[in-house]
Amino acid sequence: MPTSCFTLRSVIDYFISSGSGVYAAALDISKAFDNVCHAKLFQCFVDTVVPGCIVLVIENWYSKLCVAVRWIDAISGFFNVMSGVRQGSILSTRSFTVLINIVIVNLRDSGVACSINNIFIKCILYADDIIVLSATPSGLQEMLNICTETIMDVDLSLTVENPRVFILDLFVSILLQTCILVVHSLLGVTVLDILV
């Protein structure tokens, strides 16, 4: 998380000091770990050249995953888990990373982003949160379209109740430093903490 905030702050500082702005959008994948489609996950493993024998072992584990629900003193019968990865498991975190990497690859291939010394910074990820960065509004829209399509392709969805789009430029930076504004939460860190 500190690395994500440092990267975001560095990109913003670079563009503001160059006299231009950064257009950013904060996205959240809805119940990401709970909704991972096992078939899509296994296909991602195959596509990223995970050895077939390893994919078969993981697929075997997930096909036998079952749970019961405890409520007060009662326990339900066991039932199969058809989607999701277990939160807190090392394998689950790595599996979700392989799945979400498709978003990064598609953004990389788009050719739209913020560039610093020929290094393209398109997005910052932390767990199921994504911040996409662009130098133009049209570039940001293209990146949002790519994220939406890619996330839908792996049978996940974005939380749309509180979309957050930020225009960060010299004027906004000065305004934030001199005024107390409504604080927006961004990856658990306030925009004021990042910019000031």
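Filtering segment 21-49 down to residues that are modelled with pLDDT under 85 and among the aliphatic types (A, V, I, L, M), which residue is nearest to S95 (Cα to Cα)?
That would be A32.
What's the total number of residues in segment 125-157 that are hydroxyl-bearing (S, T, Y) and assigned to a loop (DSSP other than H, G, I, E, B)? Walk me through how you get there before you give the answer.
Our first condition is that a residue be hydroxyl-bearing (S, T, Y); within segment 125-157, this holds for 126, 134, 136, 138, 148, 150, 157.
Checking the rest, the ones that are also assigned to a loop (DSSP other than H, G, I, E, B) come to 136, 157.
Number of matching residues: 2.
Whether any residue in segment 54-64 is outside any helix (DSSP H, G or I), out of contact with any strand residue (DSSP E or B) (no Cβ under 7 Å at 6 or more places or on another chain) and at pLDDT 85 or above is what I want to check. Give the derivation first.
Of the residues in segment 54-64, the ones outside any helix (DSSP H, G or I) are 64.
Applying the additional criterion that residues be out of contact with any strand residue (DSSP E or B) (no Cβ under 7 Å at 6 or more places or on another chain) yields 64.
Narrowing the set further to residues that are at pLDDT 85 or above leaves 64.
Yes, some residue in segment 54-64 is outside any helix (DSSP H, G or I), out of contact with any strand residue (DSSP E or B) (no Cβ under 7 Å at 6 or more places or on another chain) and at pLDDT 85 or above.
What single numbered condition from (1) under 24 Å from G21 (Cβ atoms); (2) at pLDDT below 80; (3) open to solvent by 30 Å² or more (accessible area, probe 1.4 Å) fails to hold for V160?
(1)
Does D47 meet the test of being under 30 Å from V132 (Cβ atoms) and more than 17 Å from the chain's Cα centre (by Cα)?
Numbers: under 30 Å from V132 (Cβ atoms): yes; more than 17 Å from the chain's Cα centre (by Cα): yes.
Spelling it out, D47 is indeed under 30 Å from V132 (Cβ atoms) and more than 17 Å from the chain's Cα centre (by Cα).
Quick one: which of L27, L41 is under 22 Å from L144 (Cβ atoms), of a type outside the set (F, W, Y) and surrounded by 14 or more Cβ atoms within 10 Å (Cβ to Cβ)?
On the way: L41 fails: under 22 Å from L144 (Cβ atoms).
Matching residue, one of L27, L41: L27.
Can you confirm whether segment 59-82 contains a residue that is within 24 Å of Y126 (Cβ to Cβ) and within 24 Å of the chain's Cα centre (by Cα)? Walk me through it before giving the result.
Taking segment 59-82 and keeping what is within 24 Å of Y126 (Cβ to Cβ), we get none.
The answer is no; no qualifying residue exists.
Out of everything in segment 109-124 that is in a loop (DSSP other than H, G, I, E, B) and open to solvent by 40 Å² or more (accessible area, probe 1.4 Å), what residue ends up being nearest to L140 (Cα to Cα)?
G111
Please state which one of R86, R108, R70 is in contact with a strand residue (DSSP E or B) (Cβ under 9 Å, 6 or more places away or on another chain) and over 15 Å from A25 (Cβ atoms). Can you show your working first?
Numbers: R86 fails: in contact with a strand residue (DSSP E or B) (Cβ under 9 Å, 6 or more places away or on another chain); R70 fails: in contact with a strand residue (DSSP E or B) (Cβ under 9 Å, 6 or more places away or on another chain).
Residue meeting the stated conditions: R108.
The values are calculated or read from the model by the stated rules, or taken from the named source; none is laboratory data. Predicted, not measured: the structure shown is a model, and the values here were computed from it. Methodologically, a virtual Cβ is constructed for each residue, glycine included, from the backbone with ideal geometry; neighbour enumeration extends over all protein chains shown. Keep in mind that these areas ignore ligands, DNA and RNA; they rest on the heavy atoms of the full protein, side chains included. Shrake-Rupley method; radii C 1.70, N 1.55, O 1.52, S 1.80 Å.
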